[in-house]
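The values are calculated or read from the model by the stated rules, or taken from the named source; none is laboratory data. Just so you know, these numbers come straight off a predicted model, no measurement behind them. Cβ placement follows ideal geometry from the backbone for every residue including glycine, while neighbour counts extend to all protein chains displayed.
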Amino acid sequence: MSAATTPIAVTGMDAVYYLAKDFKRGVAFYRDVLGLTVAREGENFVEFDLGDGSTFGMSHMPDRWYPCGGAMFAVRDMGDAVQRLREAGVHFFTEGALESPVCHVAWCEDSEGNNFAIHRLK
């Protein structure tokens, strides 16, 4: 990253997510074994709201899985954040931001190979 690059203004942490190889099995584990209550769900995602106000989620990509767990950093402007990260040479796992019924999200890789996302609730 060059010194001329303006940092993205992260406003908070929206959720921590994992990908599941077997989505139904993963949801059952967190629901039945850990006792988490499903707060929101869709075809390929589920979110559990925790008592401290944080959210844990699980997602399923039918054509791809990789070991992960990643922080979702809230941003005000997805387009600007994607552009700035691309300019900084950040690797994206998708072409850009994905849209779900509740948010826009772009999964990326940090300099050490860790997964993280930039995220904007609708």
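Quick notes
- Within segment 1-26, the set of residues being surrounded by 15 or more Cβ atoms within 10 Å (Cβ to Cβ) and of a type in the set (A, V, I, L, M, F, W, C) comprises ILE8, ALA15, VAL16, LEU19, ALA20, PHE23.
- Of the listed requirements (1) over 19 Å from GLY113 (Cα atoms); (2) touching a residue at least 40 places away in the same chain (Cβ under 8 Å); (3) not in a loop (DSSP other than H, G, I, E, B), LYS21 misses just one: (3).
- Tally, over segment 8-40, of residues that are of a type outside the set (A, V, I, L, M, F, W, C) and in contact with a helix residue (DSSP H, G or I) (Cβ under 8 Å, 6 or more places away or on another chain): 2
- Taken over segment 68-92, the criterion of being without any contact (Cβ under 8 Å) to a residue 24 or more places away in the chain and under 14 Å from GLU109 (Cα atoms) is satisfied by ARG86, VAL90, HIS91, PHE92.
- Residue selected from segment 53-94 under the condition more than 12 Å from HIS119 (Cα to Cα) and of a type in the set (Lys, Arg), by the criterion surrounded by the fewest Cβ atoms within 10 Å (Cβ to Cβ): ARG64
- ALA97 vs. criteria out of contact with any Leu (no Cβ under 7 Å at 6 or more places or on another chain), modelled with pLDDT of 90 or more and surrounded by 15 or more Cβ atoms within 10 Å (Cβ to Cβ): yes
- VAL38 being surrounded by fewer than 16 Cβ atoms within 10 Å (Cβ to Cβ), at pLDDT 90 or above and over 13 Å from the mean Cα position of the chain (by Cα): yes
- Strands (runs of 3 or more DSSP E) contained entirely in segment 26-122, each with at least 3 residues that are small (Gly, Ala, Ser): 70-74
- Pick from segment 2-47, criterion in contact with a Ser or Thr (Cβ under 7 Å, 6 or more places away or on another chain) and among the aromatic types (Phe, Trp, Tyr), ranking: nearest to GLN83 (Cα to Cα): TYR17
- PHE29 being surrounded by 14 or more Cβ atoms within 10 Å (Cβ to Cβ) and free of Cβ contacts under 8 Å to residues at least 24 places away in the same chain: yes
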